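Data block below; observations after.
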């Protein structure tokens, strides 16, 4: 039996390079009736914990360390005992939000996270942030892309710690290699599919190289 996917939207702010913007974030819960993982603990640890109910939280997985994706991670970890996992290349960003706390473990390319009998493979996809990762669940036909790929194109690269050619390379090499029917569950906004985005990304790939 494979895990299910639940979706929670939380509201807060994103701050970087001296600016602050109101944002709504997608929080993804993957699991079954007894255990789950949370992908991106954004803004509201209480709401996320309420959505989990009595399930055991196995891990808080951070797709990257911009504050709007990790601001509730330590509080959710403290409330549940789950470890916070982050790619180490994003530690400089993490420290901007949580200077006195560290993640509990590292994410690495090719790592497998298993919950409710379902494997999620970590894909290191830098560009939006140095340690940005996506999580590919082949059994569920989906990839959780954080802010690397959205409905309509790549994530933003106009601020510190980001790079446009790098994100285009990550998308073209790692994400467009997935089956076209793969559902893309993003960090903000609507979901899409790899097949729907691939034709629109050609111009980005050309510009990026």
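May I ask you to verify whether residue 19 is without any contact (Cβ under 8 Å) to a residue 24 or more places away in the chain, on the phi < 0 side of the Ramachandran plot and surrounded by fewer than 21 Cβ atoms within 10 Å (Cβ to Cβ)?
The answer is yes for residue 19.
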Q) Can you tell me which residues in the range 163-191 are closer than 13 Å to residue 153 by Cβ and more than 15 Å from the chain's Cα centre (by Cα)? A) 164, 168, 172, 176
Q: Output yes when any residue across the range 167-181 is assigned to a strand (DSSP E or B), out of contact with any helix residue (DSSP H, G or I) (no Cβ under 6 Å at 6 or more places or on another chain), within 22 Å of residue 88 (Cβ to Cβ) and modelled with pLDDT of 95 or more, and no when none is.
A: no
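Suppose the filter is surrounded by 15 or more Cβ atoms within 10 Å (Cβ to Cβ) and in contact (Cβ under 8 Å) with a residue 12 or more places away in the chain; does residue 109 pass it? Walk me through it before giving the result.
Working: surrounded by 15 or more Cβ atoms within 10 Å (Cβ to Cβ): no; in contact (Cβ under 8 Å) with a residue 12 or more places away in the chain: yes.
No: the conditions fail for residue 109.
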(Q) Checking the structure you have, find out if any residue of the range 153-162 is touching a strand residue (DSSP E or B) at 6+ places or on another chain (Cβ under 6 Å), in contact (Cβ under 8 Å) with a residue 40 or more places away in the chain, crowded, with 18+ Cβ neighbours inside 10 Å and not in a loop (DSSP other than H, G, I, E, B). (A) no
(Q) Quick test of your reading of the structure: residue 96 fulfils all but one of (1) within 22 Å of residue 130 (Cβ to Cβ); (2) without any contact (Cβ under 8 Å) to a residue 12 or more places away in the chain. Name the failing condition by number. (A) (2)
Q: Answer yes if at least one residue in the range 15-23 is under 14 Å from the mean Cα position of the chain (by Cα) and either under 25 Å from residue 158 (Cβ atoms) or assigned to a loop (DSSP other than H, G, I, E, B) (or both), and no otherwise.
A: no
Q: Among the residues of the range 137-147, write down those that are assigned to a loop (DSSP other than H, G, I, E, B) and either over 18 Å from residue 94 (Cβ atoms) or in contact with a strand residue (DSSP E or B) (Cβ under 6 Å, 6 or more places away or on another chain) (or both).
A: 141
Q | Subset of the range 120-136 [in contact (Cβ under 8 Å) with a residue 60 or more places away in the chain, under 16 Å from residue 150 (Cβ atoms), assigned to a loop (DSSP other than H, G, I, E, B) and in contact with a strand residue (DSSP E or B) (Cβ under 7 Å, 6 or more places away or on another chain)] | A | 132
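The values are calculated or read from the model by the stated rules, or taken from the named source; none is laboratory data. Bear in mind that the values here come from a model prediction, so they are computed numbers and not experimental data. Note that we place each Cβ from the backbone using ideal geometry, even for glycine, and neighbour counts take in every protein chain shown.
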